[in-house]
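Notes to accompany the following structure.
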Amino acid sequence: MNVEIAPGVSMPLLGLGTWQARGKSAESAVARALEVGYRHIDTARAYRNEAEVGRALAAGGVPREEVFVTTKMWPDRAGRERETIEQSLDALGLTHVDLWLIHWPPAGQARPDVWERFLEVQADGLARAVGVSNYSVAQLDELEQATGRLPAVNQIEWSPALHDAHTLAEHRRRGVQLEGYSPLKTVDLRNRRLAEVAEAHGVTPAQVVIRWHLEHEIVVIPKSANAVRIAENADVFGFALSENEVAALDGLSSGARRD
């Protein structure tokens, strides 16, 4: 299951998150993910694991064009965008990434000047698509007003407990793909409603949460360094949630987001 985020750029809805994975643990996690079918790996300069991710990609035997790779620039690197992407590519052992994100709004600001330099990096072929992370809808609009271009993706914290139909609709209206991180950390996996849906399908609550993202066509990147869990998180294509089940899980949200 993929979604087009830019002309000719298809992004798998399911990916592996690598936050907090370091050293051999990060390398093993990516290797396992590729082995069980993941074709989307998410890393960041700040995670300090790009080299390990790159080694696993090189050793995995999957053609480069079949793996979607995302990395991110930490906001304190604003003004050194070109240097930062070159460092990331060197660590990853790649000539380009598929998606490059501004990890957080620098000093809480949208910074259209930084976005302009991201667009230049894309134009030069170092990133097939560019986007942001942890931006508000208003900040997305600020980038577009200044440059005429919206980010392809906004990666934000998301789960049934954080679901906000208005935020999702506003991203859709602008053509910005919503990508959710920490999908399993921000929801109570022991929730009765979640457990009931999982039991009905013979799967785990975590698998239901991941599948819920897919039903909404929200990109989801559960993180794990556990080989069994990595495989389990990918085993979500053999069942589907009904409209009523999706709505029930939407109802776990505690209220509207502040973005």
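The values are calculated or read from the model by the stated rules, or taken from the named source; none is laboratory data. This is a predicted model, so every value here is computed, not measured. Quick reminder, even Gly has a Cβ in these numbers, built from the backbone with ideal geometry, and neighbours come from all protein chains shown. Just so you know, the surface numbers come from the protein's heavy atoms only, side chains and all, with ligands and any DNA or RNA stripped out. Shrake-Rupley method; radii C 1.70, N 1.55, O 1.52, S 1.80 Å.
Details
- Ala169 meets the conditions (1) under 30 Å from Ala138 (Cβ atoms); (2) in contact (Cβ under 8 Å) with a residue 24 or more places away in the chain in every case but one. The failed one is (2).
- Region 200-220: number of residues that are open to solvent by 10 Å² or more (accessible area, probe 1.4 Å), within 26 Å of Asn154 (Cα to Cα) and assigned to a loop (DSSP other than H, G, I, E, B): 2
- There is no residue in region 184-206 that is within 24 Å of Ile41 (Cβ to Cβ), touching a residue at least 40 places away in the same chain (Cβ under 8 Å) and among the charged types (D, E, K, R).
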